[in-house]
1. Please tell me if L130 is part of a helix (DSSP H, G or I), more than 22 Å from S39 (Cα to Cα), in contact (Cβ under 8 Å) with a residue 24 or more places away in the chain and among the aliphatic types (A, V, I, L, M).
2. Given the conditions (1) surrounded by 19 or more Cβ atoms within 10 Å (Cβ to Cβ); (2) at pLDDT below 50; (3) not hydrophobic (A, V, I, L, M, F, W, C), and given that E194 satisfies all but one, which numbered condition is not satisfied?
3. Contact list please: Cβ distance under 6 Å, first residue in region 152-167 and among the charged types (D, E, K, R), second residue at pLDDT 90 or above and outside any helix (DSSP H, G or I), pairs at least six apart or on different chains.
4. Answer yes or no as to whether T89 is more than 16 Å from A167 (Cα to Cα) and at pLDDT below 95.
5. Between a first residue in region 75-95 that is of a type in the set (S, T, N, Q) and a second residue that is at pLDDT 85 or above and part of a loop (DSSP other than H, G, I, E, B), which pairs have beta carbons less than 9 Å apart while being 6 or more apart in sequence or on different chains?
6. Tell me, yes or no, whether region 2-16 has at least one residue that is at pLDDT below 90, surrounded by 12 or more Cβ atoms within 10 Å (Cβ to Cβ) and out of contact with any Asp or Glu (no Cβ under 9 Å at 6 or more places or on another chain).
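The values are calculated or read from the model by the stated rules, or taken from the named source; none is laboratory data. All values reported here derive from a predicted model rather than from experimental measurement. Using ideal geometry, Cβ is built from the backbone for each residue, glycine included, and neighbour counts are taken over all protein chains shown.
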Amino acid sequence: MKSVDAGRRSALRALASGAIGVATSSTIAPWVESLSALSRQQAHAHAAESAIAAQDWTPRVLSARQNEMVITLSELIIPETTTPGAKATLVNRFIDTVLDSAPAKDRDSFLAGLTWMDARSKTLFGKDLLAASGAEQTALLTRLSRDLPAQDAADSQGVEFFKALKAMTINGYYTTEVGLMKELGDDGVLAQAEFKGCDHPEHQ
């Protein structure tokens, strides 16, 4: 486990420093660009919010079920290892905050993506996303991460949703104390970095 974590930490530090990243498609949807940019703008406020984790919190945009879906999906993108993952660092709260301040059309596109995830999971596995096994959930995200010309046309909406979710998850996580200080070993310099991807092979 230590060697895996060390490899991930090294890759993430390179990413945070701008050395590597996920190429941006020339056909990326405007709403994905919009939410990604907004999440970068709001990322630094998330650290302060995370410090009051015990405070009662209710989503402003997400329904209870949508919030559980975001928790599940973001944890698949940045899972807990020897350091906390997206769930423990309250990335779902960050995403809800971004959606609350986003233009209505962009917010609606993201929520439509969650609905699509449930429908696609039912088609592929006979059950909605939260009822699917961890392996099935990962398999679905793996399909969506392969942004290739030969991508199954049925997955096109999910591919755009995954891009937005991934950007928001990374921006939320790597500006928290856990993400910066424990995962990246940052001394404060990386707090200003722009994050555009993660190192998990299944999400590249």
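1. The answer is yes for L130.
2. (1)
3. E160/A29
4. Criteria not met by T89.
5. T89/I78; N92/P59; N92/L62; N92/A86
6. Looking through region 2-16, none of the residues is at pLDDT below 90, surrounded by 12 or more Cβ atoms within 10 Å (Cβ to Cβ) and out of contact with any Asp or Glu (no Cβ under 9 Å at 6 or more places or on another chain).
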